[in-house]
Amino acid sequence: MPQDLKAAEKLIVALDVRSLDEAKEMIRKLSPDVRIFKVGMGLFTLCGPDAVALVHDNGARVFLDLKFHDIPNTVAHAVRSAAKLGVFMVNIHALGGSEMMMKAVEAARESEKRPKLLGVTVLTSMDQSAIGEVGIERKIEEEVVSLARLGKESGLDGVVASPNETGLIRKNLSKDFIIVTPGIRPTGAEKNDQKRVMTPKDAIMAGADYIVVGRPITETKDPLGAAKKIIKEMES
Ligand code: C5P
């Protein structure tokens, strides 16, 4: 069960770096204390599967954050490909609908090394007026819970949720539904461009199974020290 994980296993570090060499250096600095790295669309578009292999070669796991959103057949193909890379987690947009999600789940389940499949509900960069622009009239919170529920019914293993939504989703969905929460800032850290943030400890208390942390670790002089501090903060 995710919620029984040790603190060190709950930390996902976002590898938002600009080259494979920078990624190599960061993984080297953080291993073996950090066990999961997030490879996003920037690094993956630049380096492809080499970025994933780099993490695996260092004995860590990968959350492949590419947020697939396309017709069901194409998304299923992409999930199958991600599974072949041996990633631990991969995500898709819940707005793609239940048929798309079910096909993605089927693709993940038929793979030898089945990745955890997560849904993205409403992007945290969108506010009420932005979702109104694309024709969604419901309140953001209702939309998020409703999409998370649809994801669960379609067989997803969990969702990526902002600190604002973590508690709400945990309250409305069962305990075994994984919640991965970015927008984490340890006490006293820079917020950067994140508007709504939570401390590692508060996010875990609100129901997050995993937290995603980028700049508060990767853009400090001592990334390993920062990671260790966050793990300790979760344990306290
Ligand atoms: O540097 P920072 O800790 O803000 O990095 C957070 C990571 O999580 C980034 O890779 C960002 O793209 C990602 N993310 C996020 N908010 C979401 C989904 C993903 O910050 N809602």
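Annotations
- Accessible-area rank, largest first, for 195, 6, 152, 221: 221, 195, 6, 152, with all protein chains present and a 1.4 angstrom probe.
- Net charge, residue 222 excluded, C-beta distance under 10 Å - Lys, Arg +1, Asp, Glu -1: +4
- Sequence-distant contacts, meaning Cα pairs under 8 Å at least 6 residues apart, place the relative contact order of the chain at 19 percent.
- With helices as the sole contributors, the chain gives -13000 deg cm²/dmol at 222 nm; each DSSP H run of n ≥ 4 counts as -39500 (n - 2.57), and the sum is divided by every residue.
- For the range 137-148, Karplus couplings with θ = phi - 60° (6.51, -1.76, 1.60), whole Hz, Gly/Pro x: 9, 5, 5, 3, 4, 5, 4, 4, 5, 5, 5, 5
- Cα gyration tensor shape of the range 1-130, rounded if a/c is under 1.5, else prolate or oblate by comparing a/b with b/c: prolate
- The base-10 log of I(q)/I(0) for the chain, evaluated at q = 0.10, 0.13, 0.16 Å⁻¹, reads -0.43, -0.76, -1.17 [Debye formula, identical scatterers on Cα atoms, solvent excluded].
- Ordering 56, 93 by accessible surface, largest first, gives 56, 93; the 1.4 Å probe counts only protein heavy atoms, with every chain in place.
- Residues 142, 190 ordered from highest to lowest accessible area at a 1.4 Å probe: 190, 142.
- Taking the accessible area of the range 11-90, probe 1.4 Å, and keeping the other protein chains in place, the carbon and sulfur fraction comes to 52%.
- Over all other residues within a Cβ to Cβ distance under 12 Å of residue 83, the charged ones net out to +3, with Lys and Arg as +1 and Asp and Glu as -1.
- Amide H contacts under 5 Å for residue 178: 158, 159, restricted to partners 5 or more places along the chain or on a different chain, H placed in the peptide plane at 1.01 Å from N.
- In this view, the solvent-accessible surface of residue 127, computed with a 1.4 Å probe and all protein chains in place, comes to about 80 Å².
- Å² of accessible area per residue within the range 2-235, as computed with a 1.4 Å probe and no ligands counted: 49 Å²
- Measuring with a 1.4 angstrom probe and ignoring ligands and nucleic acids, residue 234 comes out at about 20 Å² accessible.
The values are calculated or read from the model by the stated rules, or taken from the named source; none is laboratory data. Treat the numbers as computed from the prediction; the structure is a model and nothing was measured. Note: ideal-geometry Cβ built from the backbone for every residue, glycine included; neighbour counts use all protein chains shown. Protein only, heavy atoms only, side chains kept; ligands, DNA and RNA dropped before computing areas. Shrake-Rupley method; radii C 1.70, N 1.55, O 1.52, S 1.80 Å.
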